[in-house]
1. Applying the Karplus parametrisation 6.51 cos²θ - 1.76 cosθ + 1.60 with θ = phi - 60° to the phi angles of the range 7-22, what ³J(HN,Hα) value in whole Hz is obtained for each residue in order, glycine and proline being reported as x?
2. Ignoring ligands, DNA and RNA, please state the percent of accessible area on the range 1-80 from carbon and sulfur, probe 1.4 Å.
3. 5 Å is the cut-off here: which amide hydrogens, built 1.01 Å from N in the peptide plane, fall below it relative to Glu32, excluding neighbours closer than 5 in sequence?
4. Run the 1.4 Å probe and let me know the accessible area of Ile11, rounded to the nearest 10 Å².
5. Can you give me the solvent accessible area of Lys174 with a 1.4 Å probe, rounded to the nearest 10 Å²?
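The values are calculated or read from the model by the stated rules, or taken from the named source; none is laboratory data. Just so we're clear, the structure is a prediction, and the values are computed from it rather than from any experiment. Accessible surface areas use protein heavy atoms only, side chains included; no ligands, DNA or RNA. Shrake-Rupley method; radii C 1.70, N 1.55, O 1.52, S 1.80 Å.
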Amino acid sequence: MPLTLKKLYHITFEGDKWHVPENMVVEKLGKEWLLMVPSNYALCKLVQGGKFDYTKKFSLKNINMFDDLVSQRNAKSSLTTSDDLFGGDGKPQPKRKRPVFEDQELTLDLPAGGGTITCLNASKITDALAVEMDEANLHNLFACLHGSDTSSNEARSYQTSGKYKGLAAKRKCKKNDNVDDD
């Protein structure tokens, strides 16, 4: 049986303690980085603090400040959105090889004079924000995000197209006919 050593991390912020999962810590460039996965329940609970609402959906993507940091990281990583890729004159673009991204440290400015944080560049727009696991670095980020509302304010909107109009009524009618026969 081989010997395995594991590091365990605990982050304590504003009296709340969080056991960081092993899959959220990445080692690159000789440092350790915390992956800020937006849908992680415990991370959202730590960030939101006492305002955490257990009944609502939680995601760091619902915080404007976090979304701004991801956009800032993507801009510094020279990544474009899909709108920029297809927003041209409609002519097909020749296929290009995807560039190979090397890991680099980036410095992101926190809004409202919150200081700066160090993170890794991204290879895709959808990559999780990788923040350096340094006490001062994480404190700056968590202090800015602390108390922010992580619940979604937007309700999903539905539009009726009329495409299947009457289909549900026909099914309901057939269902009722089958029930009456019994």
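1. These are the phi-based 3J(HN,Hα) values: 9, 10, 10, 10, 10, 10, 9, 6, x, 8, 10, 10, 8, 6, x, 4 Hz.
2. 53
3. Amide H to amide H, under 5 Å and 5 or more residues apart or across chains, Glu32 pairs with Met133.
4. Approximately 20 Å² of Ile11 is accessible to the 1.4 Å probe.
5. Accessible area of Lys174: about 140 Å².
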